[in-house]
Each structure stands twice: as structure tokens, then as C-alpha cells.
Amino acid sequence: RWQVWQGPQRGWLDAPELHVLSGEEGQAIVKKNAAALANSPSTILLAGTTPSGLRHEWLGVYERYPGKLVNDRYSYSKRHDAAKMMWFGLATGSWYVGTKASLGQSKGVLTAQDIAMSPEQIRNGAWKVGQGEGKGYI
């Protein structure tokens, strides 16, 4: 059983979805992830509603950002507003939408805890909306 250390005040947290793969099973996952990355779309649409319309200006069409991968995934910039971006945060295993200045970091105004190789594979209901600096996500 895997656990994650949260520090002396919070202790250990069970991590039932964490596992180690090797051999054929591990190679199959590596190949699957490589294929998913190779087939990542060049354009995606982040659509839906947010609680009370909060952060709705971050929804819209995002295009693959040219250049290198960010945390082993493609990043995307919002069409007509390149200061808004979407990327994967490796430290938290989450996708983020936030400012270009935060690119690659584990922070943003929207987040989805999902290790999908590209954003269109993020499971339904995973996205959360930031309430503001230090106030968490809903």
C-alpha cells in the first residue's frame, strides 16, 4: 500500500491509485502514453459553466503552444489572448489554466486533477475553479 507524506502536522495519506509497473505491462503504458501525446490535438475547446460564472473568461478555444513540451505534455495558449495558457503540472499530477507567467508551475485559476496525456482526455467533472489567492478551489 502506497502512502504520501504530507508533513509532520498532517502525516501520511493513503495513495490507493499509485502503483509501479514493469515488464510488458509497463511497456504497454509507455507506448499508450507516447501514442496519446503524438495524437494530441492542435486546438481544444474548454467549455461549460462555472459556479456563479466565476473565471468564465478563461473558457474558450486553446491552441497548442509552439515549442518544447512542458512537464512531458503539450501546453496550449488561448486564442486571441496568449497571456492565458493551459499546461500540466507534474508535481501535482494536475492540469492548470492560468497566466503565461505561471506556465509549468502547479498553480492556476482552473485545475483538473488528472494525469491525462492531453486535455481532451481529462475526465468529466474533474475541473475546479479557483476562488482567489489562497482561497482554494471549488
Take the Cβ-Cβ distance between His80 and Ile115 as r, set R0 to 41 Å, and report the resulting FRET efficiency rounded to the nearest 0.05. 0.90
Order by neighbour count: Arg10, Arg79, Arg1, fewest other Cβ atoms within 10 Å first, most last. Arg1, Arg10, Arg79
Name the long-range amide H neighbours of Val70: under 5 Å, sequence gap of 5 or more, or other chain; modelled H, no Pro or chain starts. Ser75
Taking only the alpha-carbon positions of the chain as identical scatterers, the Debye log10 I(q)/I(0) at q = 0.10, 0.15 Å⁻¹ comes out as -0.38, -0.81
In order over the range 132-138: 3J(HN,Hα) from phi, Karplus 6.51/-1.76/1.60, θ = phi - 60°, whole Hz, x for each Gly or Pro, gives x, 3, x, 9, x, 10, 10
How many angstrom lie between the Cα centre of the range 35-67 and the Cα centre of the range 71-138? 9
List the aspartates and glutamates whose Cα sits under 13 Å from the Cα of Lys78, skipping any in the same chain fewer than 8 residues away. Glu57, Glu63
Output ordering of 22-32, 60-70 (per-residue mean of other Cβ within 10 Å, highest first) is 60-70, 22-32
List the residues, sorted by chain then number, that are 5 or more residues from Ser94 or on another chain and whose placed amide H is less than 5 Å from its amide H. Gly89, Asp114
Please list the three semi-axes, largest first and in whole Å, of the ellipsoid equivalent to the range 35-103, using sqrt of 5 times the eigenvalues of its alpha carbon gyration tensor. 20, 14, 12
Least to most buried among Met85, Met117, by other C-beta atoms within 10 Å and fewest first, runs Met117, Met85
Using 7 Å Cα-to-Cβ label points, what is the Ala101/Ala126 separation (nm, one decimal)? 2.8
How big is the Kirkwood radius of the range 64-138, worked out from every pair of different alpha carbons and given in Å to one decimal? 12.3
Over 21 Å (Cα to Cα) - which of Lys31/Lys107; Lys68/Lys135; Lys107/Lys135 fall in this group: Lys31/Lys107; Lys68/Lys135
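The numbers here are math on the coordinates, done by the rules we state, and not lab data. Since the structure is predicted, the reported quantities are computational estimates derived from the model, not experimental observations. Note that we place each Cβ from the backbone using ideal geometry, even for glycine, and neighbour counts take in every protein chain shown.
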